[in-house]
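The values are calculated or read from the model by the stated rules, or taken from the named source; none is laboratory data. Since the structure is predicted, the reported quantities are computational estimates derived from the model, not experimental observations. For neighbour counting, all protein chains shown are included, and Cβ atoms are generated from backbone atoms with ideal geometry for every residue, glycine included. Please note that ligands, DNA and RNA were not included when accessible areas were found on the heavy atoms of the full protein model with its side chains. Shrake-Rupley method; radii C 1.70, N 1.55, O 1.52, S 1.80 Å.
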Amino acid sequence: SQVQFKDLNGVVQLISGYGVHVDTGSLGNKRYIIYADHAPGDQQYDTLDYLVDTIDFSSTEPGIVIKSINNVANSRVSFNFNSSDFKTTITQFDSGQNNVNIVFALESDLTRTRSVSINTSGLVEVN
C-alpha cells in the first residue's frame with residue numbers, strides 16, 4: 001500500500017515508505033539522508049526517491065562522526081520502513097546478518113562511541 005508525501009515543490013507524491021541512507025564513501029562521515037521511497041518502492045535509496053532531509057553533523061552535532069557501519073558489505077546501507085505492512089528492509093547486508101550497527105564517535109576521541117543497531121524487525125536500539 002502507498003502513502004502520500006509532499007515533495008520539496010509542494011506536489012503530493014505516492015510513496016512506499018520512508019528510509020535512512022548512510023554512505024560514508026559518498027556522503028562522508030558526518031552526513032546521512034532521510035528519504036521517501038518513490039512508489040512502487042524498491043526499499044532502498046536511489047535517484048528516484050524524494051529527499052526528506054540531509055542530516056549534517058557538522059552543523060547539528062559538531063564533533064560527532066560516523067566511525068563505522070558494521071555487518072554490511074561496504075560503507076553504505078539503506079534502512080527502509082514501510083508503514084503499510086510494517087516491513088523493515090535493510091540493504092547491503094553481510095551474509096547471514098539480520099541487523100546493522102552504526103557506530104558514532106567523538107571526532108576528537110574515536111574511542112568514545114555510541115552505536116545504533118537496527119534489525120529487520122524494525123527494532124532500533126541505542127547503546
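Is it possible to state the helix-based mean residue ellipticity at 222 nm for the chain, with each DSSP H run of 4+ residues giving -39500 (n - 2.57), the sum divided by total residues, to the nearest 500 deg cm²/dmol? What is it? Mean residue ellipticity at 222 nm (helix-derived): -500 deg cm²/dmol. For Lys87, the aspartates and glutamates whose Cα falls under 14 Å of its own Cα, not counting residues fewer than eight places away in the same chain, are Asp37, Asp42. With a ≥ b ≥ c the root eigenvalues of the C-alpha gyration tensor of the stretch 55-127, is it rounded (a/c under 1.5), prolate (a/b larger than b/c) or oblate? Cα axes put the stretch 55-127 in the prolate bin. Taking all protein chains into account, the per residue accessible area for the chain stands at 57 Å² (1.4 Å probe). In sequence order, the stretch 53-61 has phi-based couplings of 6, 10, 8, 10, 4, 5, 10, 8, 9 Hz under the Karplus curve 6.51 cos²θ - 1.76 cosθ + 1.60, θ = phi - 60°, and Gly or Pro positions carry x. For Rg and Dmax of the Cα atoms in Å, one of (1) 18.7, 58; (2) 14.9, 45; (3) 15.3, 51 was computed from the structure I shared and the rest are decoys. Which label? Recomputing Rg and Dmax of the Cα atoms in Å here picks out (2). The peptide list 105-112, 50-57, 34-41, put in order of mean Cβ contacts within 10 Å with the highest first, becomes 34-41, 50-57, 105-112. Taking Thr47, Thr24, Thr113 in turn, the Gaussian network model of the chain (Cα-Cα springs below 10 Å) assigns the largest fluctuation to Thr47. Applying 0.36 nm per residue to the separation of Asp46 and Ala73 and subtracting their alpha-carbon distance, the gain on full extension is 8.0 nm.
Element breakdown for the chain at a 1.4 angstrom probe: carbon and sulfur atoms account for 48% of the accessible area. Think of the stretch 17-79 as a dipole: +1 on every Lys or Arg Cβ, -1 on every Asp or Glu Cβ, centred on the Cα centre; then among Tyr50, Pro40, His21, His21 lies furthest on the positive end. Magnitude of the charge dipole for the chain, about its Cα centre and with charges confined to Cβ atoms of Lys, Arg (+1) and Asp, Glu (-1), is about 220 debye. Comparing Val116, Val103, Val20 in a Gaussian network model of the chain where C-alpha atoms under 10 Å apart are linked, the largest mean-square fluctuation is found at Val116.
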